[in-house]
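One structure below.
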Amino acid sequence: MSAFSIPLSGLAASSAALNVIANNLANLNTDGYKDQTLSFASIFNQAQGTSGNGDPIQIGDGVQIAGKIANFTDGNLNSTGIASNMALQGNGFFVVEGNGETNYTRSGDFTVNSSGQLCTPQGELVMGYPASNGVVSTTSELTPITVSQAGIIPASATTSFQMNTNLNASAAAGDSFSTPITVYDSLGESHVLSVTYTNTAPNSWNYSITLPAADTGGTGPATQITSGTMTFNSSGVLTSPTGSVPGISITGLADQAAPMTLNWALADSAGNPLITQQDTASATSDPIQNGYTAGTLSGYSVLPDGTVQGQFSNSQTLAIGQIAIASFANNQGLTPIANNDYQASFASGAAVIGQADVAGNGAITGSAVEESNVDLATEFSNMIVAQQGYQASAKVLTTFNQVSQALLQVIT
């Protein structure tokens, strides 16, 4: 009796469904795992003829697996506090490389290898865009993202400075006020400039900027590097000079650093004066300059767009790379392989490499991982349905066997 193949196909289909459910439950706590289900299709043989009204007469020949469907909805976020971990929420996959192959994953439980590179627990390198001097190049080829504690940011010489200063409008001629500001040369060596204001007449002050003589290899009194006059109107608003004092030059530094050229900003970015003359004590606040000494990487964090932001020992924050995100025309066409990875296939289409949080790609949450999206209640419900299907097919198979035995008894 050829009909044995029908319940056998039902047993095979139900068994496959149970295997998929079991695999989902086994990966309930696997970071980045995506729930899977099977879809089935009926099997029909050739038509046996037609009925009186022309309708085809066909007898079913069982069931077959039509496809596997992965549920790519986001899993819950689990904050880990580990800087190398990251969770992708929305469309896309992390790009990883190992053993000469490029794979894709949703599991962001990354760590750092002995070379300071971000990698998966299996050692695959996390790929992204490189950065130079804090600027990410999204047109460059993907490279492994490095977060080595040995990373160094070189010193940067001060080129501009500013400070909020009020000069006492009640000061008498000859009264002076001095304030220091620290600047850095090309080698990262610090130098303390002294800005001294001396009242010469109502609404008029002389200023001078000096540098300790030892900084230029000398001895004795401080070296004056620039001077000038400031005037204010009757409201205490600076009228001259305006904007800035450019071209403040420092040469012959004892540490052999390159000559420095400084710009002293006298107004903020909105044009508001930073030097005022009001009837209150002379004081300075908020000195700002743009130089810094050399520093080493002390920590890092991942921004929503995948930028790996490094924090350095010199209080500077610079981008040291950007995590790449791959998207596909058909996620269902990806081939799942071991270790939470996927590979591109003809059905998925080629990977489109881009950045997180743009062009439809998901955003990244740093110091977190994406949990499995397997729903326990749903899997138990599916398990009951698959079990009932298996039992029903087994019952049909038993019935067919009994009918066959009866037929054999008639023949004999």
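The values are calculated or read from the model by the stated rules, or taken from the named source; none is laboratory data. None of these values were measured; they are calculated from a predicted model. Neighbour counts are summed over all protein chains in view; Cβ atoms, including those assigned to glycine, are modelled from backbone coordinates with ideal geometry.
Just a few scattered comments:
- In the stretch 131-170, the residues that are surrounded by fewer than 17 Cβ atoms within 10 Å (Cβ to Cβ), of a type outside the set (S, T, N, Q) and out of contact with any strand residue (DSSP E or B) (no Cβ under 6 Å at 6 or more places or on another chain): Val135, Glu141, Ala150, Pro154
- Residue ID - farthest from Asn314 (Cα to Cα), chosen from residues in the stretch 171-211 that are in contact with a His (Cβ under 9 Å, 6 or more places away or on another chain) and surrounded by 16 or more Cβ atoms within 10 Å (Cβ to Cβ): Leu211
- The residues in the stretch 337-352 that are more than 14 Å from Glu101 (Cα to Cα) and surrounded by fewer than 18 Cβ atoms within 10 Å (Cβ to Cβ) can be counted, and the count is 5.
- Any strands (runs of 3 or more DSSP E) falling wholly within the stretch 243-362 and containing at least 2 residues that are among the aliphatic types (A, V, I, L, M), within 20 Å of Ala157 (Cα to Cα) and under 15 Å from the mean Cα position of the chain (by Cα): 317-327
To keep it simple, each residue is scored yes or no on (1) under 26 Å from Gly295 (Cα atoms); (2) out of contact with any strand residue (DSSP E or B) (no Cβ under 7 Å at 6 or more places or on another chain); (3) in a loop (DSSP other than H, G, I, E, B); (4) not small (Gly, Ala, Ser).
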{"site": "Tyr104", "(1), (2), (3), (4)": "no, no, no, yes"}
{"site": "Gly108", "(1), (2), (3), (4)": "no, no, yes, no"}
{"site": "Ser115", "(1), (2), (3), (4)": "yes, yes, yes, no"}
{"site": "Pro121", "(1), (2), (3), (4)": "no, no, yes, yes"}
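- Long-range neighbours under 9 Å by Cβ, at least six apart or interchain, first residue of a type outside the set (Ser, Thr, Tyr) within the stretch 380-405, second exposed (fewer than 12 other Cβ atoms within 10 Å of the Cβ): Phe400/Met1; Val403/Met1
- Filter result for the condition that a residue is loosely packed, with under 13 Cβ neighbours inside 10 Å and at pLDDT 95 or above, over Ala66, Ala41, Ala47, Ala26: Ala26
- Close pairs from the stretch 65-82: first within 12 Å of Asp35 (Cβ to Cβ), partner aliphatic (A, V, I, L, M), Cβ under 7 Å, at least 6 apart: Lys68/Leu38
- Inter-residue pairs, beta-carbon under 8 Å, first within 20 Å of Tyr184 (Cβ to Cβ) and in the stretch 211-227, second charged (D, E, K, R) and surrounded by 15 or more Cβ atoms within 10 Å (Cβ to Cβ), 6+ apart: Thr223/Asp215
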